[in-house]
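Engineer: Once you've had a glance at the structure underneath, I'll fire off some questions.
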Amino acid sequence: MPKRIESPVKRFPGYVTLSDPLSFPQVIAYQDGISAAMELGEATWSKIRHAVLPGILACVQEWGLEGVPDMPGVDTFPATPLQSAGKLVEWLQNEITALLQEAETVPNE
């Protein structure tokens, strides 16, 4: 069942619906984005966020955020204001990472 999450970023209020469970292509796209960001080393935050963005976009089913296109891409995703856009990417990254970790946790039966 998809997971709807509310944005904590004041500049971009609304919601995002994440796929849940994530498919193999979504997980691979997300992991590739994280790897690409890590390879940048001490690059600017904008470059790091840009690198992880394709993986984030792959995991989102629906966008309902003010100031974000209905179907954003890496070329249309907001990059400013820098602090708010950064918080938006970090929030989405944290939520998707939590989905991955939750999927790895197998309850004891």
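The values are calculated or read from the model by the stated rules, or taken from the named source; none is laboratory data. Everything quoted here is computed from the prediction, not taken from an experiment. Neighbour counts are summed over all protein chains in view; Cβ atoms, including those assigned to glycine, are modelled from backbone coordinates with ideal geometry.
Engineer: Closer than 18 Å to Gln26 by Cβ, under 14 Å from the mean Cα position of the chain (by Cα) and among the aliphatic types (A, V, I, L, M): does that describe Leu57? Walk me through how you get there before you give the answer.
Structural biologist: Values: closer than 18 Å to Gln26 by Cβ: yes; under 14 Å from the mean Cα position of the chain (by Cα): yes; among the aliphatic types (A, V, I, L, M): yes.
Criteria met by Leu57.
Engineer: Another question, if that's okay. Surrounded by fewer than 14 Cβ atoms within 10 Å (Cβ to Cβ) and basic (Lys, Arg), is that true of Lys10?
Structural biologist: yes
Engineer: Assess whether Val89 counts as being touching a helix residue (DSSP H, G or I) at 6+ places or on another chain (Cβ under 6 Å) and β-branched (Val, Ile, Thr).
Structural biologist: yes
Engineer: Would you check which residues across region 68-89 are part of a helix (DSSP H, G or I), over 12 Å from Ser7 (Cβ atoms) and not hydrophobic (A, V, I, L, M, F, W, C) and list them?
Structural biologist: Matches in region 68-89: Gln83, Gly86.
Engineer: Surrounded by 11 or more Cβ atoms within 10 Å (Cβ to Cβ) and either touching a Lys or Arg at 6+ places or on another chain (Cβ under 6 Å) or part of a strand (DSSP E or B) (or both) - does that describe any residue in region 36-44?
Structural biologist: There is at least one residue in region 36-44 that is surrounded by 11 or more Cβ atoms within 10 Å (Cβ to Cβ) and either touching a Lys or Arg at 6+ places or on another chain (Cβ under 6 Å) or part of a strand (DSSP E or B) (or both).
Engineer: For region 15-35, which positions are surrounded by 14 or more Cβ atoms within 10 Å (Cβ to Cβ) and outside any loop (DSSP other than H, G, I, E, B)?
Structural biologist: Correct list: Val16, Thr17, Leu18, Gln26, Val27, Ala29, Tyr30, Asp32, Gly33, Ile34.
Engineer: So which residues in region 29-79 are farther than 16 Å from Glu95 by Cα and β-branched (Val, Ile, Thr), if there are any at all?
Structural biologist: Passing the criteria: Thr44, Ile48, Val68, Val74, Thr76.
Engineer: Is one or more of the residues making up region 45-67 in contact with a Phe, Trp or Tyr (Cβ under 7 Å, 6 or more places away or on another chain), in contact (Cβ under 8 Å) with a residue 24 or more places away in the chain and assigned to a loop (DSSP other than H, G, I, E, B)?
Structural biologist: Scanning region 45-67, I find at least one residue that is in contact with a Phe, Trp or Tyr (Cβ under 7 Å, 6 or more places away or on another chain), in contact (Cβ under 8 Å) with a residue 24 or more places away in the chain and assigned to a loop (DSSP other than H, G, I, E, B), so the answer is yes.
Engineer: What's the number of the only condition in (1) at pLDDT 95 or above; (2) surrounded by fewer than 16 Cβ atoms within 10 Å (Cβ to Cβ); (3) of a type outside the set (Ser, Thr, Tyr) that Leu57 fails to meet?
Structural biologist: So Leu57 meets the others, but not (2).
Engineer: Filter region 66-86 down to the residues that are among the aliphatic types (A, V, I, L, M), within 21 Å of Leu22 (Cα to Cα) and either touching a helix residue (DSSP H, G or I) at 6+ places or on another chain (Cβ under 6 Å) or surrounded by 13 or more Cβ atoms within 10 Å (Cβ to Cβ) (or both) and list them by number.
Structural biologist: Matches in region 66-86: Val74 only.
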